[in-house]
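Note sheet for the following structure.
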Amino acid sequence: MSSEQKETLRATAANANLTSYEEARRTFDWSEVEKHFTWHSTGKVNMAYEAIDRHAEGGLADKVALHYSDATRLEAITYAQMKANSNKFGNVLRQLGIGKGDRVFIFMPRSPELYYALLGTIKIGAIVGPLFEAFMEQAVRDRLEDSQAVAIVTTPSQLPRVPVADLPHLKHVILVGDDLLQLAAGQVDFKAEMAQASDELAIEWVDREDGLILHYTSGSTGKPKGVFHVHNAMIQHYYTGRIVLDLKEDDVYWCTADPGWVTGTSYGVFAPWLNGATNVVRGGRFKPQDWYDTIERFKVTVWYSAPTSFRMLMSAGDDTVKAFDLSSLRHVLSVGEPLNPEVVRWGFKAYGQRIHDTWWMTETGGQLICNYPSMDIRPGSMGKPIPGTDAAIIDDNGNVLPPNRMGNLAIKTPWPSMMRAIWNNPAKYEEYFRFPGWYVSGDSAYMDEDGYFWFQGRVDDVINTAGERVGPFEVESKLIEHPAVAEAGVIGKPDPIRGEIIKAYIALREGFEPSDELKADIAKFVKEGFAAHAAPREIEFKDKLPKTRSGKIMRRVLKAWELGLPTGDLSTIED
Ligand code: WTA
C-alpha cells in the first residue's frame with residue numbers, strides 16, 4: 001500500500017510547542033535544552049529541585065502542583081507546599097543517617113505522601129525505588145535484596161509483605177499510617193516525624209551522572225532487572241514534556257500510570273513538574289465513571305494513558321462518555337502496548353481527539369518514538385523518533401534494513417535518559433548494546449517509506465498484559481513452588497482488552513488430578529505469593545511439556561499450540 005493511501009489523521013494543533021517536526025529534526029541540538037537547567041551556573045543539579053523548588057521560588061509558589069483524589073481524599077497541593085513537604089521528608093531520612101547513593105524504596109498506594117517521599121529521597125541524593133502496591137512478599141524481597149535497600153516507606157497494611165527479617169540491609173521501615181502507630185524496632189512513624197521535621201533542607205547537589213531512580217522490570221529469563229537511571233534524564237523528561245506531551249503553563253495534566261511503573265515517574269512526576277504544569281493523580285482502582293469524573297472535575301487538558309485503559313473505556317460505551325463534560329481535553333496520548341487503529345478511530349469519534357501513540361521502555365527512561373500534535377497520525381503506527389535521536393530497524397547482525405523490512409527496533413546511542421546500568425548485572429546491560437552504536441530494544445518493528453515506525457511484537461517471550469511487563473520465567477518459578485505442579489510453561493495469549501493474558505501450561509506431579517478447583521488454587525497461589533497481575537488467567541493441564549534436550553521448556557511450541565500454528569523446527573525437542 002502506498003503511503004498516500006494510508007489512513008491518516010491530519011495534524012491539528014497549529015500552536016503546538018513543536019511547530020514543525022521535520023525542521024526540528026534538522027536543527028535540534030540537546031545542548032540548547034541543557035541551558036534550561038541550573039547546572040550551568042553550579043555544575044551540579046538535582047532533579048527534585050528542578051521539578052519543584054525552582055518553580056516554588058520562581059513565581060509558581062501558589063500554583064497547584066498536585067490535585068490528588070481517591071474515594072476518600074481530595075487535596076490540592078501547591079508548589080510551595082510540595083517543596084516544604086519534600087524538604088521535610090529529606091530531613092527525616094537524613095536524621096536516620098541516610099544519604100547520597102543509598103537506596104530507599106517506596107511501597108504504598110498512591111497518595112500525596114508517596115510523592116513527598118519520592119521527591120524528598122531524591123533531594124538528599126538517595127536513589128528511589130518505587131514498587132507497585134500490589135506486589136506480594138516474593139516480589140518485594142527480590143527487589144530489596146538485589147538493591148540492598150536501607151529503607152522502605154510503606155503502610156501498616158502493606159507491612160506483612162515486607163520480609164524484614166530476611167533483609168539484613170534494610171535498617172528502617174517508615175510507616176505511613178492514619179493514627180499514631182505502635183512501633184517495633186527499626187520502625188519510624190512517617191506522620192509523627194514529618195510533623196517535627198524542618199521544612200528547610202540543604203539540597204544535595206549531585207553530578208548529572210549520579211543515581212536517581214531504580215525501576216525493576218521483567219525480562220524473559222531470570223529475576224527482575226534493576227534499571228538504573230541518573231539525574232541527567234531530566235533533559236529528556238523536560239524536552240519530551242514540551243514537545244510530546246505539549247505541556248504549556250496553564251495545562252492540567254493527568255498521567256494515569258502508577259509510579260511503580262516508569263511511566264508513573266518519568267511522565268507522572270518528572271516531565272510535568274519540570275514543565276511547571278498542574279499534575280493530577282487519581283488513586284484507587286480503574287472505573288470508567290471515576291476516570292471521566294476526574295477529567296471533568298479538574299478540567300484535565302492533557303491526558304496520558306494506556307491502550308488497555310482506552311479499550312476498557314471503549315467497551316464502557318459512548319453513553320458513559322456523553323454523561324461527562326470532557327471538553328477541557330486538548331491532547332491525548334498512549335503508551336505501553338500496541339495502540340489498535342480501532343481505538344484511535346473510536347477516540348477520535350468519542351472524545352474528538354486524536355490519541356497520540358508513544359513508544360519507549362523502562363530502559364530508555366523517556367519517550368523515543370512518538371506522534372506529535374503537529375504531525376499527521378497513521379493509526380497503528382508508533383510515530384517517528386523524537387528530534388535529537390535516531391531509530392532504525394536492524395537485522396540480527398546489526399545491519400540497518402531498508403524501509404518496510406521487519407527486524408529489530410534499535411535506537412542510536414546515546415540519548416539523555418538512557419539507562420546507565422542494570423543493577424548488579426553488567427553482563428545483562430551489555431546485551432542491549434551488543435551492536436556498537438545501537439541499543440537493541442527486544443521489539444520487532446518495521447519503518448515505512450515515510451519514516452513511520454510500526455510495532456510487530458517482542459522478539460523474546462516477555463509478556464505484556466494490560467501494559468505491564470511480566471517475565472514468564474518468574475511466573476514459572478512461582479508455579480513450580482506449588483505442591484501439585486511438576487512443570488510449568490507460561491506464555492502470553494492474545495486478548496481483546498488486555499492485549500495479552502497470562503496462560504500457564506502445567507504438568508502435574510504424581511498423585512494430583514486436573515480439576516477446576518486445582519486451577520483456582522494454583523492461580524491464587526501466584527496471586528498471593530507473588531503478584532496479582534502475574535497470576536495466570538488461564539491454566540491448561542498437560543501430561544508433559546515440550547522441552548529441549550537441555551531441559552528448557554519451549555515456550556514457542558506452547559505459543560504455537562495456543563494459536564493453532566505450525567510448531568516449526570522441533571529438532572531440539574526432548575522426545
Ligand atoms: C511495549 C513502557 C507497542 C514494547 C514505557 C516495549 C509498546 C515494552 C509501546 C516496554 C507502543 C511500549 N506500542 N508496544 N507504543 N510502548 N510498548 O518497560 O514491547 O514497561 O518493549 O515501558 O512495552 O515496556 P515497559
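Rounded to whole Hz and in sequence order, give me ³J(HN,Hα) for segment 286-295 from the Karplus expression 6.51 cos²θ - 1.76 cosθ + 1.60, θ = phi - 60°, writing x for Gly and Pro.
5, 8, x, 4, 5, 5, 5, 4, 4, 5
Could you tell me the relative contact order of the chain? Use alpha-carbon pairs under 8 Å, at least six residues apart, and round to a whole percent.
Details: 1207 pairs, mean separation 75.3, N = 575.
Worked out over the chain, it gives 13 percent.
If packing is taken as the average number of other Cβ atoms within 10 Å across a peptide's residues, how do 154-161, 487-494 rank, most packed first? Spell out each step's value before the answer.
Working: 154-161: 16.6, 487-494: 21.9.
The most tightly packed comes first, giving 487-494, 154-161.
For the chain, what is the calculated [θ] at 222 nm in deg cm²/dmol (nearest 500), taking -39500 (n - 2.57) for each run of four or more DSSP H residues and dividing by its residue count?
Details: 17 runs with 151 residues, N = 575.
Mean residue ellipticity at 222 nm (helix-derived): -7500 deg cm²/dmol.
When the Karplus curve 6.51 cos²θ - 1.76 cosθ + 1.60 is applied with θ = phi - 60°, which whole-Hz ³J(HN,Hα) does each residue of segment 321-333 get, with x for Gly and Pro?
Each residue of segment 321-333 in turn: 4, 5, 6, 10, 9, 9, 5, 5, 4, 10, 8, 10, 9 Hz.
Just going by the charge dipole of segment 32-447, with Lys and Arg at +1 and Asp and Glu at -1 on Cβ, which of Phe433, Leu409, Phe298 is farthest out on the positive end?
Of the candidates, Leu409 comes out farthest on the positive side.
From the C-alpha gyration tensor of segment 32-447, pull out the three semi-axes of the equivalent ellipsoid (sqrt of 5λ each), sorted largest to smallest, in whole Å. Walk me through the intermediate numbers first.
On the way: eigenvalues 207, 141, 90 Å².
For segment 32-447, the ellipsoid semi-axes come out as 32, 27, 21 Å.
Once you sort the root eigenvalues of the Cα gyration tensor of segment 445-573 as a ≥ b ≥ c, which label holds: rounded (a/c under 1.5), prolate (a/b larger than b/c) or oblate (the other case)?
Working: a/c = 2.37, a/b = 1.49, b/c = 1.59.
Oblate, because a/c is 1.5 or more while a/b does not exceed b/c.
Report Rg/Rh for segment 445-512, rounded to two decimals, where Rg is the Cα radius of gyration and Rh the Kirkwood radius.
Details: Rg = 16.2 Å, Rh = 13.9 Å.
Rg/Rh for segment 445-512 comes to 1.17.
Which residue, chosen from Val269, Thr240, Ser220, occupies the Cα position most advanced towards the positive end of the dipole of segment 204-274, where the dipole is computed from +1 (Lys, Arg) and -1 (Asp, Glu) charges on Cβ about the Cα centre?
The listed residue farthest towards the positive side: Ser220.
Report the relative contact order of segment 462-563, percent, no decimals, based on alpha-carbon pairs under 8 angstrom and at least 6 residues apart. Walk me through the numbers on the way to the answer.
Numbers: 171 pairs, mean separation 27.8, N = 102.
The normalised contact order for segment 462-563 reaches 27 percent.
Over 30 Å between C-alpha atoms is what I'm after, so list which of Lys223/Lys299; Lys493/Lys552; Lys35/Lys83; Lys35/Lys63; Lys299/Lys349 land there. Mind showing how you got there, number by number?
Values: Lys223/Lys299 42 Å; Lys493/Lys552 20 Å; Lys35/Lys83 23 Å; Lys35/Lys63 24 Å; Lys299/Lys349 20 Å.
Listed pairs above 30 Å: Lys223/Lys299.
Quick check on packing: order 173-183, 455-465 by the mean number of other C-beta atoms within 10 Å, highest mean leading.
455-465, 173-183
Which value does Rg/Rh take for segment 136-189 over its C-alpha atoms, Rh per Kirkwood?
Working: Rg = 10.7 Å, Rh = 11.3 Å.
Reported Rg/Rh, Kirkwood definition of Rh: 0.95.
Under the rule of at least 5 residues apart or a separate chain, name every residue whose amide H is placed under 5 Å from the amide H of Cys370.
Trp359, Lys384, Ile386
Can you find, among Phe105, Ile174, Ile369, the residue farthest towards the positive end of the dipole of the chain? Put +1 on the C-beta of Lys and Arg, -1 on that of Asp and Glu.
Ile369
Based on the mean of other beta carbon atoms within 10 Å per residue, what is the order of 422-433, 327-338, most packed first?
Working: 422-433: 15.1, 327-338: 20.8.
My ranking of the peptides, most packed first, is 327-338, 422-433.
What nm distance separates the two modelled labels at Glu540 and Asn397, each placed 7 Å from Cα along Cα→Cβ?
Each label point lies 7 Å from its Cα, and together they span 3.8 nm.
Along the Cα→Cβ direction, 7 angstrom out, place labels at Lys171 and Asp199. What is the inter-label distance in nm?
2.9 nm
No value in this document is a laboratory result; all are computed from the given coordinates. Only a predicted model underlies this, so the values are computations on that prediction, with no experimental measurement involved. Cβ atoms come from the backbone with ideal geometry, glycine included; neighbour counts cover every protein chain shown.
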